[in-house]
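Read the structure below first, then the notes.
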């Protein structure tokens with residue numbers, strides 16, 4: 001009976017995971033179309049506006065760096081003249097949009113959890129403990145993470161996405177887009193801007209890099225980060241991504257509605273017991289129940305189901 005129950009719950013979760021993956025894969029080209037055509041029919045107006053604002057902000061920073069390298073006197077005019085063209089290239093990059101979408105989902109959930117469950121978006125119990133740590137390096141890193149998380153929430157409200165906060169692959173793609181959009185007159189300036197931006201970029205100094213370093217630095221205590229109310233959503237997302245072997249953006253999207261199977265499997269793959277899984281679900285989806293028999297699902301089977309999933313869509 002135990003084997004039958006395990007097979008049944010695996011089948012239910014596998015079917016739901018396939019459906020959820022199809023939604024993620026479809027969402028990226030849909031976002032690309034909506035942003036390019038200013039049609040907000042399928043996503044909320046706020047979500048589209050936030051994603052559009054983040055991408056436009058990246059375009060502005062790239063062009064301002066180019067204007068600086070060219071020693072342009074009227075830099076705002078230089079940026080405004082070229083902004084739409086560069087933004088369209090970035091809007092066409094589904095990986096770029098997926099990251100902006102994940103950041104938007106994360107920030108919205110952080111604010112929702114603060115209002116619904118009283119979870120502080122910045123100074124969580126885990127951060128407080130680590131700031132007070134006797135280990136000077138860990139205490140300093142925790143303070144840096146605290147400040148980075150506070151800046152993230154403020155910048156998201158202003159629809160700002162600093163280039164230094166981009167993951168390395170997306171930072172590279174942004175610079176390639178700038179290079180490809182430069183016309184003949186801008187070529188030397190584009191090269192100079194790219195060189196300066198690459199010199200200034202430090203992936204580990206961004207918020208996501210800092211949080212990853214914090215979780216790794218916790219060592220054997222890292223499982224304590226797998227509790228939303230204790231660690232806060234940002235640290236929880238990074239810890240869950242590491243423990244389940246997934247990309248962080250994909251884990252953040254699993255917090256959304258109709259991604260319940262991926263979230264449940266991620267928590268199980270991370271080694272959480274059923275009661276702990278239920279507790280995390282209560283924070284994110286208080287009205288959702290796990291499939292009957294979920295308690296018999298083994299960690300290795302959850303890992304295998306996630307590894308076999310295909311949520312990606314071609315760019």
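Read-outs throughout are calculated quantities, based only on the coordinates presented, and are distinct from any laboratory measurement. All of these numbers come straight from a predicted model, not from anything done at the bench. Cβ sites come from the backbone with ideal geometry, for glycine too, and all protein chains shown count toward neighbours.
Among 101, 230, 172, which one shows the biggest mean-square fluctuation in a GNM of the chain, springs joining Cα atoms closer than 10 Å?
Taking springs between Cα atoms under 10 Å, the residue moving most is 172.
Expressed as a fraction of 2.2 N^0.38 Å, the rule-of-thumb size for a compact globular protein of N residues, what is the C-alpha radius of gyration of the chain? Please list the in-between numbers first.
On the way: Rg = 21.0 Å, N = 315, 2.2 N^0.38 = 19.6 Å.
Computed over Cα atoms of the chain, the ratio equals 1.07.
Could you pull out which residues in the range 111-126 have an amide N less than 14 Å from a spot 7 Å beyond the Cα of residue 279, following the Cα-Cβ vector?
Counting backbone N atoms under 14 Å from the label point, the list is 125-126.
Measure nothing fancy, just the Cα-based angle from helix 136-157's long axis to the longest principal axis of the chain, in degrees from 0 to 90, nearest 10.
70 degrees
Normalising by the residue count of the chain, find the relative contact order in percent from Cα pairs under 8 Å and 6+ residues apart.
On the way: 362 pairs, mean separation 85.7, N = 315.
The value is 27 percent.
Under the rule a/c < 1.5 gives rounded, and otherwise a/b versus b/c splits prolate from oblate, where does the range 41-134 land using the Cα gyration tensor?
Oblate, because a/c is 1.5 or more while a/b does not exceed b/c.
Mind pulling the angle between the C-alpha long axis of helix 187-200 and the longest principal axis of the chain? Nearest 10 degrees, somewhere in 0 to 90.
40 degrees
Can you grab the distance from the C-alpha centre of the range 224-260 to the C-alpha centre of the range 138-164, Å, no decimals?
When both Cα centres are located, 18 Å separates them.
Out of 277, 12, 127, any idea which swings most in a Gaussian network model of the chain, alpha carbons joined below 10 Å?
Result: 12 has the largest fluctuation of those listed.
Sum -39500 (n - 2.57) across every DSSP H segment of at least 4 residues in the chain, then divide by the residue count to get the 222 nm mean residue ellipticity, nearest 500.
On the way: 15 runs with 223 residues, N = 315.
Here the helix-only value at 222 nm equals -23000 deg cm²/dmol.
Which residue, 252, 288, 122, has the most motion in a Gaussian network model of the chain that connects Cα atoms within less than 10 Å?
In the Gaussian network model the winner is 288.
Based on alpha-carbon centroids, what's the gap between the range 174-218 and the range 75-116 in Å, whole number please?
16 Å
For helix 75-91, report the angle its Cα long axis makes with the longest principal axis of the Cα atoms of the chain; keep it between 0 and 90° and round to the nearest 10°.
Relative to the chain, helix 75-91 is tipped by roughly 40 degrees.
With a cut-off of 18 Å, note down the residues of the range 231-272 whose backbone N falls inside the zone around a label point 7 Å from the Cα of residue 151 toward its beta carbon.
Once the point is set 7 Å along Cα→Cβ of residue 151, 234-235 turn out to lie under 18 Å by backbone N, inside the range 231-272.
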